Every structure is written in structure tokens, then in C-alpha cells.
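Okay, structure first, notes after.
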């Protein structure tokens, strides 16, 4: 079930809100939330909802065992439980990739039965690992299976994040409050995310798809146009989902972490990863980079840790050599910057968007002008209608400039306060209205991060 869909906006969400806010007390609210979350997941993944339920039961039991153990036994149980989670992720996400690589190297033709990728498995696996590690580090295991089910399966962030660490919302699983002010702010954040997805990301996607998927050996100008469109698309698609999730979480009484902070204004790869997919960056820092030793050892050990973390980051995004190279690409630039060879910001979105290595190398050739300097294909011409061009321009501005007009008005005299309130309400209303028109027309698409 997609957030920007008629089913979610006009049926699921209103009915859920009525039941959730009418439920007396946090236990009843948790029951409604878990039931709604399982229904939400089963809507698109009816078979794998059993896998999700199994993950919840396993990690709840594992956390109780870890909490009751001490010393080496505690470390062993934690390691086994984390390994079990990673094994399930590896089976569904990486088994075909690993076997295909082995077949290519050894010249074999072994195959596995087709394993579909469960929606959101990368995200709910990281949530489960966060819970286990937090219990290992001293947090008391939550003895409410219902509360853990809420943490792992909560539908706003279930399938595409942001990645919420257990200790961040542990207290809110047992006690939380909502208010009219919180709900009002939550709706505003949700609508902004909805508009980011529908009015910018989905619109510029027409150009990205025309260049990457339909153009045969695009020219230099066409390749850079397509890459620019995809750069805007992936940012507003993922930031849009994150804002919708954050808004929904706030309405439920939870505070989810911010996931994006104008990453394209970054002047280095290091700064980029402090601003892009912040919840993943911080998760990898706290649960992988620091346990590996972080920057506490020699320079060589620090560089090794950075490379391992970003290799894992690339693999987390997808089982394809393009994602491996994307991770190595970012890790290498981080090492270069840390080694003092200047600051470099290089975009690796070609690796992220290309179908395979051959496609990536061909596209890099187009970016270098090897397939001609100018000229646009017919599909790209068709995609460049006025609304798409406007979305691309607006997307570039919003992704690289922090708009402070309304913030400035809010801090001016009392006379300016009504202007701020009126302008803010008008903008939110316009975004919501235009977004609903897109939903009604059926011109929305699945979120890009659903495939990861």
C-alpha cells in the first residue's frame, strides 16, 4: 500500500485514525497500531507478513535471553541473534547475487528457486538488530511483545525508514501523548512529504526514465540532463517518504529522527553523509563503524573501517555490483578527504541508477561526450513538457537553497504574524490540493527505496 494512493489516503488512514484515537490507553492504541501495520504490510506482501511476524517473535525471545545472560554467554547470544537476522536478510536479498557471481567466476550454472525480496526487509532487519544490540549494551529487554511488535512493524517507517533506533523511542512504546498542536504539525510535515514525492520526484522521473531506460547511447547534453533529473528525483522521492513517515509518527505520538538536511549543499563527501539518509549514516556509525574501532586506531585502521562501512552501505542498498561500486566510490572519497588530499564531492548516482555494470560504463561514456555532444532523443523531448521542466527547476532550487522567507516573517512584528500564518496555510493547502489531483489521476509511482 502506497502513502500517495486513494486506498491509503481515503480509506486506510481515516479508518485507522478513528480507531487509534478512540482507543482508550496506550495498550489499546498499540493493538490498533500493530493490527493496522500488519494489514498495511499484508496489502502488498500477503505471504511475507508471516516472515515479519516471525521476525518479531524471534527477536522478542532473543532479547529476553540476552537480557538474562551475562559475560561471554551474553556476547554469544547477541552474536547468534544478530547473525540469524543477517542470515535471513542474506537469503532473500543476496543469495541469487552471490550464486550468480560464483557461477560467473567458476563457469557453473547453479540456480536457486526464485526468491522474491520481501518489502522493507533491509529496514525492519536493522530495527531488530538495533533492539538486540541496545539490550546487550544494558537497556532492559521490553517484556511486552506488543510493544516490540509496534517498534519493528509500525507502518509509517516499516518499508522505507527512517531507521529508528530502539532506545530513541523505548519510553514512547509504553507511554505517549498526542495533542491538537502535534497533529497539526504532523499533517503539515506529511503534506510537504506528499508534495515532494508527487509534484517533484514523480514529475522529474519522466526525464530520468527517458534517458536511463529508453535512450540508446544518449549524447553528452542528454546524459547530463538525465543524471540531473535523477539526482533531483531520488532526493525528493526518499525525502518525501521520510517526511510522510515522520509526520505520521508524530501524529501517533512518536518522534522519528530527521533523515535529510539539504545534502546537495555539501562541500565534501563527509558532509554529504551527515546530511543524506542521516538515520542510516548514524546507524552504521554506532553499530558498525565504532564497534570496528572507528578512528581510535592508526590511520590505516581508520581507512579500513571507513571502507568496510561503505562497502556494507552499498550492499545494504542492493544486491548488484553497481551498488558495491557505489559504496566503494563513497568510501574511497571519504578516505581521500580524511587523508588530507583536499575535499571532493563526486556524485555516484550513475552507479545507483544503472541496470548493470555495462549500462553504467556506457552512461559514463555519454557523460564524457563519447556518444555525441548535443541532441535529445524523441522520448526525452516528449518527457520535457512544461510541468516537468518547472518541477526540475523548483527541485534544484529547493534542494540547494534554504528558504527563510516565512521563518523571517514569523520573527518580525506582530503585524507580520498573520501574513506568515496565512501564507503558510495557503502554501500547504495548495500543495495538498495539487497532490490530491495527482493521486486521483493515478499518476503516482512506488517509492524508489521500496526496492532496497
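Details
- All helices (runs of 4 or more DSSP H) inside the range 1-85 with 1 or more residues being at pLDDT 95 or above and within 21 Å of residue 131 (Cβ to Cβ): 25-44, 49-68
- Meets criteria (within 21 Å of the chain's Cα centre (by Cα), buried (at least 18 other Cβ atoms within 10 Å of the Cβ), modelled with pLDDT of 90 or more and not assigned by TED's automatic domain parsing to the domain that holds residue 120) for residue 318: no
- If you go through the range 352-385 and keep only what is in a helix (DSSP H, G or I) and under 12 Å from residue 206 (Cβ atoms), you end up with 379, 380, 381, 382, 383.
- Among the residues of this structure, residue 165 does not count as one that is touching a helix residue (DSSP H, G or I) at 6+ places or on another chain (Cβ under 9 Å), assigned by TED's automatic domain parsing to the domain that holds residue 20 and more than 20 Å from residue 251 (Cα to Cα).
- No other residue among 91, 99 is assigned to a helix (DSSP H, G or I) and farther than 19 Å from residue 49 by Cβ apart from 99.
- Per-region count, the range 189-230, residues surrounded by fewer than 19 Cβ atoms within 10 Å (Cβ to Cβ) and on the phi < 0 side of the Ramachandran plot: 6
- The requirement of being surrounded by fewer than 18 Cβ atoms within 10 Å (Cβ to Cβ) and outside the structural domain of residue 160 (by TED's automatic domain parsing) is satisfied by residue 365.
- Close contacts from the range 302-313, counting a first residue that is within 9 Å of residue 327 (Cβ to Cβ) and a second that is surrounded by fewer than 19 Cβ atoms within 10 Å (Cβ to Cβ), with Cβ to Cβ under 6 Å and a gap of 6+ residues or different chains, come to 309/288.
The values are calculated or read from the model by the stated rules, or taken from the named source; none is laboratory data. None of the values given here were measured: they were computed from a predicted structure. Note that we place each Cβ from the backbone using ideal geometry, even for glycine, and neighbour counts take in every protein chain shown.
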